[in-house]
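Enquirer: Here you go, one structure.
The values are calculated or read from the model by the stated rules, or taken from the named source; none is laboratory data. All values reported here derive from a predicted model rather than from experimental measurement. Please note: Cβ atoms are built from the backbone with ideal geometry, for glycine as well, and neighbour counts cover all protein chains shown. Surface areas here come from the heavy atoms of the whole protein model, side chains and all, with no ligands, DNA or RNA. Shrake-Rupley method; radii C 1.70, N 1.55, O 1.52, S 1.80 Å.
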Amino acid sequence: MDDFQHKNSKPEFRNSEPNKKDDFIFGLRPVLEAIEAGKTIDKIFVQNALQGEIYAELKTALAQYKIRPNYVPVEKLNRFTRKNHQGVVAFISDVPFHRVENIIPELFEEGKVPFILILDRLTDVRNFGAICRTAECVGIHAVVIPEKGGAPINSDAIKTSAGAMYNIKICKEPNLAHTVDFLQQSGISVFSATEKAQKLIYDVDFTEPCAIVMGNEETGISKEVLHHSDEKIKLPIEGKTQSLNVSVACGAILYEAVRQKITKIK
């Protein structure tokens, strides 16, 4: 959630870890084969201090495919399944992941004005799915999320997005602050939505290449990403309730950007 929300708001239901049985596989050999078959790995959890010949092969495959594992105690793996997981549980995504550094040059080459959405550690699956649905509707070119700390790309998220995730590019990046730097170096302005902002969303120009950042449901946007952003923006809040659901806030901002783009064309 961005900073619009956490003031005087109750925590929302979150599902930051996948829990659908059809979303994950377990066991050293099945996970290794899935990776080598080109399956998209959303998250992978590996038992601390795991060893062995097959794990060595898995570790090599993870490095080759640039998949970052989460090292956890065995108790966490046991919460996913009581079957013989052999110290490895991987969550599969039907949605392919992209890299933002490949997408931006393509957009410029095609003569398009980049319109990017960054979700900083959003954890609620339903919020994530709803935002992706809105993002696809308004013409967002890519949704950028962190490799760790974000909502899982599982069947619940896809269902909530009404299938929009199949039609929009999802980018998983290891460091969002570095991603912001890359976007800025590419000529893209980065606007972070926070109640600490002075400017309203109506006072900035969304018609040029831009990226909009929305934050975690409870803590908002990280200080590092805020520091790297070009502008901080906010929605006007006139009522006594000083908070908005992050999906609602995101929709309002994205459609203000759309309004500006349409007005400029006319």
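Enquirer: Filter region 103-151 for residues that are among the hydrophobic types (A, V, I, L, M, F, W, C), assigned to a loop (DSSP other than H, G, I, E, B) and closer than 20 Å to ILE253 by Cα; which is most open to solvent (accessible area, probe 1.4 Å)?
Expert: Going through the qualifying residues, I end up with VAL113.
Enquirer: Taking the options THR134, THR160, THR207, name whichever one is hydroxyl-bearing (Ser, Thr, Tyr) and without any contact (Cβ under 8 Å) to a residue 60 or more places away in the chain.
Expert: The conditions single out THR160.
Enquirer: Taking the residues in region 194-211 that are open to solvent by less than 50 Å² (accessible area, probe 1.4 Å) and not in a strand (DSSP E or B) as candidates, determine which candidate is nearest to LYS264 (Cα to Cα).
Expert: THR207
Enquirer: Mind counting the residues in region 212-229 that are open to solvent by 70 Å² or more (accessible area, probe 1.4 Å) and part of a loop (DSSP other than H, G, I, E, B)?
Expert: Within region 212-229, residues that are open to solvent by 70 Å² or more (accessible area, probe 1.4 Å) and part of a loop (DSSP other than H, G, I, E, B) number 2.
Enquirer: Now a separate question. Going through region 21-77 one residue at a time, which ones are touching a residue at least 40 places away in the same chain (Cβ under 8 Å), not hydrophobic (A, V, I, L, M, F, W, C) and not in a helix (DSSP H, G or I)?
Expert: GLY27, LYS39, THR40, ASP42, LYS43, GLN47, ARG68, ASN70
Enquirer: On the given criteria, is VAL95 open to solvent by less than 40 Å² (accessible area, probe 1.4 Å), of a type in the set (A, V, I, L, M) and within 26 Å of VAL143 (Cα to Cα)?
Expert: Criteria met by VAL95.
Enquirer: On to the next question. Which of (1) closer than 19 Å to ILE41 by Cα; (2) part of a helix (DSSP H, G or I); (3) of a type outside the set (Gly, Ala, Ser); (4) open to solvent by 10 Å² or more (accessible area, probe 1.4 Å) is the odd one out, the single condition ASP181 does not satisfy?
Expert: (1)
Enquirer: Does ALA162 satisfy the criteria of being of a type in the set (A, V, I, L, M), open to solvent by 40 Å² or more (accessible area, probe 1.4 Å) and within 15 Å of ILE131 (Cβ to Cβ)?
Expert: In short, yes.
Enquirer: Test of understanding: among LYS169, LYS148, LYS159, which residue is in contact with a His (Cβ under 6 Å, 6 or more places away or on another chain), more than 16 Å from GLU217 (Cβ to Cβ) and of a type in the set (Lys, Arg)?
Expert: LYS169
Enquirer: Can you tell me which residue is most open to solvent (accessible area, probe 1.4 Å) among those in region 48-75 that are of a type in the set (D, E, K, R) and more than 23 Å from LYS172 (Cβ to Cβ)?
Expert: Filtering region 48-75 for residues that are of a type in the set (D, E, K, R) and more than 23 Å from LYS172 (Cβ to Cβ), the one most open to solvent (accessible area, probe 1.4 Å) comes out as GLU53.
Enquirer: If you check LYS232, LYS172, which single one turns out to be open to solvent by 10 Å² or more (accessible area, probe 1.4 Å), touching a Leu at 6+ places or on another chain (Cβ under 9 Å) and assigned to a strand (DSSP E or B)?
Expert: Being open to solvent by 10 Å² or more (accessible area, probe 1.4 Å), touching a Leu at 6+ places or on another chain (Cβ under 9 Å) and assigned to a strand (DSSP E or B) holds for just one of LYS232, LYS172, which is LYS232.
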